[in-house]
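Below is one structure, written out as structure tokens, with a few remarks after it.
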Amino acid sequence: MRISCPVCSTSIEVSDAHIGKKGRCTNCRSKFIVPERSDAEFEILERGEIPAEDAQAKPSSILQFPARKKPTRATARFQLSRRDVSNRANPVIIVSGFLIMVALVALFTWQEDHSAKKPAPGTVEKPTASQKANPQPPTGTEPAEPVFLLEPLTDPFPPSGTADVAVENTAPIKEKTFKLSEDKQTRALAYLKSPQESKRKGAYMALRKLGNKARPIYLQLLAKAKDHHLGKLGDIAFNLSVDENALTDFKETYDDRHEIMIAAKAKVQTDWKTKEPQGYRQRHAEMDNEFAEASRLYSQTISRAEQARRHDFSSLESLMDILMEINRETAWCHDKEPAERPGLVATVRKAGGAGGFVKIMNCLEHTEQRILERAAAAKHNAGCNWASSAHLSFATLLNDRRVAINLTPLQLDEDLSRGCRDHSIDMAANGYFSHTGRTSGTRTFTMRAKRAGFTGSPSGECIFVGNPAAAAAHRTWWYSDGHRLIMYASGPDTLGLGTSGKHWTLNTAR
């Protein structure tokens, strides 16, 4: 685009990159802001003086650089085209533009200094050493073609009370904070809250494309979307904890069994002959009734736990998937790897308002843990090839009854059982019935276990004679308070069994 200096009417060629910037005509030294159109009104910042030779027509000017050593005649020209200015991604253009600005500022400073040093009319300036080495053209030489100087766009009206300075303000403009309109944020958040996967993924892609500058806003939107989906998760979990379904059926049975189990366990672990010598038989009958009810409710709890686990949790899992998506996007904003998928119960706990669901799931987890422990003990005992069928029957009977009152099932140990077997054989062979062995190395059950190679800690011993059946031995020990306390103690997890004919020896250990 060509414009004319508003003071001396010199024709000057400018590009779109110059629009809105300050410039100075080197012909008349007038300073003004480049307008958007050639016919638009100019904003003149400084009005210069029209040189006398401007009475004649001036040739058109283009954006150029005068040489430093020959200020009165331009020796090099440089023209910026629209194509070069618009190609901002080209690093060559960026560097070139920076060098152009530096050169123009230097030229402007030099010309100001040069004008200030001009001798008064009628005086003769002595040539300097550099002028002698580089003589200038004679006075009649044609003057240099006018050029157009670009300057940083600064406030032409400084605040009152400030001193006028000769140096222009060239401080870099601070980068503006990224902003996203409220309307766009609202629409983006609606997509992030959507249950439709396509909408959510579309929002993820669109917000990522905005780049690093949009990450703070993206994080705010993700936090709001996370709270929304957590609220949904809490609502569904709350409804599951109060509606009639497999989960609430399980919890009702679990609570009923829990009360009975505590009472039955307390009676089983009480020495009634010592506590109530006159009424211990009645207490044994009460113990049997409560233990039977605890066993029935335990079986019912196991059945309903399996039904609860088969309940449809798809609505909760779909929300868990969405929350995991949000976690991944949040990690991307922080340039981190996403964390592992959290557990359902832990996530629902964060949602709030779903304490009932959390309790149900904790009870379900506890019940399943007991089921797994019982299954592990049964698998271990079944794999003990050294054990007789009577030993396996007794271990199964004892463990089924222990888990009914929430006690740890016992696993058979070969070394501990070897010590029990040796004592049963010794009693049967030598015709005695006692916990005390005949030799110095077999006096106690602890000695006998250690002698057999057991490295654990034996905690108690039961002996019985009269019947080789496992049920007979258990029934006798069940109604003998001291023996029952050994079999149904809370601490042990290991069992030793040894038989010889009608003689039985049992050891528990940790």
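Ignoring any ligand, DNA or RNA, what whole percent of the accessible area of the range 177-243 comes from carbon and sulfur when the probe is 1.4 angstrom? Carbon and sulfur together cover 54 percent of it. Restricted to Cα atoms, the range 1-41 shows a radius of gyration and a Dmax of 9.1, 23 angstrom.
Using a ≥ b ≥ c from the Cα gyration tensor of the range 233-275 (square roots of the eigenvalues), is it rounded, prolate or oblate, where a/c under 1.5 gives rounded and otherwise the larger of a/b and b/c decides, a/b for prolate? Taking the square roots of the gyration eigenvalues as a ≥ b ≥ c, the range 233-275 is prolate. Once backbone amide H atoms are built at 1.01 Å from N, Gln411 has Thr494, Leu495 as its partners under 5 Å, excluding neighbours fewer than 5 places away on the same chain.
Measuring only protein heavy atoms, the 1.4 Å probe finds Asp235 accessible over about 90 Å². Spacing of the modelled spin labels on Asp235 and Thr436, each 7 Å from Cα toward Cβ, amounts to 7.6 nm.
Once a ≥ b ≥ c are taken as the square roots of the eigenvalues of the Cα gyration tensor of the range 381-453, is the result rounded (a/c under 1.5), prolate (a/b larger than b/c) or oblate (a/b not larger than b/c)? Cα axes put the range 381-453 in the prolate bin.
Sequentially through the range 430-438, phi angles give Karplus couplings (6.51, -1.76, 1.60; θ = phi - 60°) of 10, x, 9, 9, 6, 7, 9, x, 7 Hz, Gly and Pro residues having no value and appearing as x. Quick one: grab the alpha carbon gyration tensor of the range 401-505, order the square roots of its eigenvalues as a ≥ b ≥ c, and give me rounded if a/c is under 1.5, else prolate or oblate depending on whether a/b is larger than b/c. It comes out oblate by the Cα gyration axes. Within the accessible area of the range 254-354, the carbon and sulfur atoms contribute 48%, probe 1.4 Å, all protein chains present.
Once you compute Rg and the Kirkwood Rh from C-alpha atoms, what is the Rg to Rh ratio for the range 271-318?
Rounded to two decimals, Rg/Rh equals 1.44.
For the range 385-442, the solvent-accessible area with a 1.4 angstrom probe is 43 square angstrom per residue.
Residue separation of Lys275 and Val242 scaled by 0.36 nm, minus their Cα-Cα distance, works out to 7.5 nm of gained length. In this view, the solvent-accessible surface of Trp478, computed with a 1.4 Å probe and all protein chains in place, comes to about 10 Å².
Scalar couplings 3J(HN,Hα) for the range 328-338, obtained by applying the Karplus form with A = 6.51, B = -1.76, C = 1.60 to θ = phi - 60°, are 5, 5, 5, 5, 5, 4, 9, 6, 10, 7, x Hz; x denotes Gly and Pro. Surface exposure of the range 461-502, expressed per residue as accessible area with a 1.4 Å probe, stands at 35 Å². Residues Glu197, Glu36, Glu293, Glu329, ordered by accessible area of protein heavy atoms at a 1.4 angstrom probe radius and largest first, appear as Glu36, Glu197, Glu293, Glu329. Checking the cross-link pairs Lys275/Lys502; Lys213/Lys336; Lys232/Lys336; Lys201/Lys226; Lys179/Lys232 against a 22 Å limit on the alpha carbon distance flags Lys275/Lys502; Lys232/Lys336; Lys179/Lys232 as lying beyond it. Modelled this way, with points 7 Å down the Cα-to-C-beta line, the labels at Asn212 and Asp335 are 0.6 nm from one another. In order along the range 285-300, phi translates into HN-Hα couplings of 5, 4, 4, 4, 5, 5, 5, 4, 5, 5, 5, 5, 5, 5, 4, 5 Hz, rounded to whole numbers, per the Karplus curve 6.51 cos²θ - 1.76 cosθ + 1.60 with θ = phi - 60° and x for Gly and Pro. Excluding ligands, DNA and RNA, the accessible surface per residue across the range 231-353 is 57 Å² with a 1.4 Å probe.
Beyond 22 Å, the tail of the calculated P(r) for the range 242-346 holds 58 percent of the Cα pairs. Measuring nothing but protein heavy atoms, the accessible surface of the range 405-510 at 1.4 Å probe radius is 51 percent carbon and sulfur. Applying 1/(1 + (r/R0)^6) with R0 = 60 Å to the Cβ-Cβ distance of Lys184 and Glu259 gives a FRET efficiency near 0.55.
Round to the nearest 0.05 the FRET efficiency obtained for Arg296 and Lys359 when R0 = 22 Å and r is the Cβ-Cβ distance. Don't skip to the answer; put the middle values down first.
Numbers: r = 23 Å, r/R0 = 1.05.
With a Förster radius of 22 Å, E is 0.40.
Extension gain, Ala471 to Ala346, is 40.5 nm, computed as 0.36 nm per intervening residue step minus the present C-alpha separation.
The values are calculated or read from the model by the stated rules, or taken from the named source; none is laboratory data. Please read these numbers as outputs of a predicted model, since none were measured by experiment. Please note: Cβ atoms are built from the backbone with ideal geometry, for glycine as well, and neighbour counts cover all protein chains shown. Quick note on the areas: whole protein, heavy atoms, side chains included, nothing else; ligands and nucleic acids left out. Shrake-Rupley method; radii C 1.70, N 1.55, O 1.52, S 1.80 Å.
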